[in-house]
Amino acid sequence: MTRPQKPGSLTLHLLRHAKSSWDDPGVADADRPLAPRGERAARKLARRLTREGVSPGLVLCSSARRARQTLELIRPALPGAPGIVVEDGLYAASGRELMARLRRVPAGTDEVMLIGHNPGIHDLALALAGDTAPAALREQLPTGALASLRFDAATWADVGPGGGAVIRMLLPRQL
């Protein structure tokens, strides 16, 4: 499903944070850590990202602890030194809010990874893929899953609903 990047195209990797722990009901939602299962899945995903050649120039990450921990575990698999921006606004953001943030990505950044939460990240993936969304994506975007989309667009401001082609779906149970 991976295709080489072509001139004038943009690639977006939407990653839902890995499985979090519910062991301590007293912990605020934003402070929940990864569960051991989530840590294992994120490490497996990192190995796969290396093999797939995923190379974002920018990573936008929710400030929630589980999202930041997911980033920490996959970071060694991302070549170079991608810009990393951790933002409070990505926590509990809707698909519409995530789209608005994506459209503010600076020109010249042709590959972006967004690490966030459902339902917003799944809603964004469905909106961007439109009618071409594969069944696996239409069904759900489980914790630790990655959906990569390619756009024939010059800038992120030009990206919109239905404009993305899903080029990769990585589900934790398949890693």
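Nothing in this text is a laboratory measurement; each read-out follows from the coordinates by a stated rule. Owing to the predicted nature of the structure, the values given are computational and were not obtained by experimental measurement. Quick reminder, even Gly has a Cβ in these numbers, built from the backbone with ideal geometry, and neighbours come from all protein chains shown.
Working from label points 7 Å from Cα in the Cα-to-Cβ sense, the Arg96 to Asp23 distance is 3.9 nm. With both residues required to sit in the range 1-112, DSSP beta bridges show an antiparallel share near 10%. The C-alpha atoms of the chain occupy a region whose extents along the principal axes are 47, 33, 31 Å, arranged from largest to smallest. Full extension of the chain between Arg75 and Arg103 gives 7.7 nm of extra length, using 0.36 nm per residue less the Cα-Cα distance.
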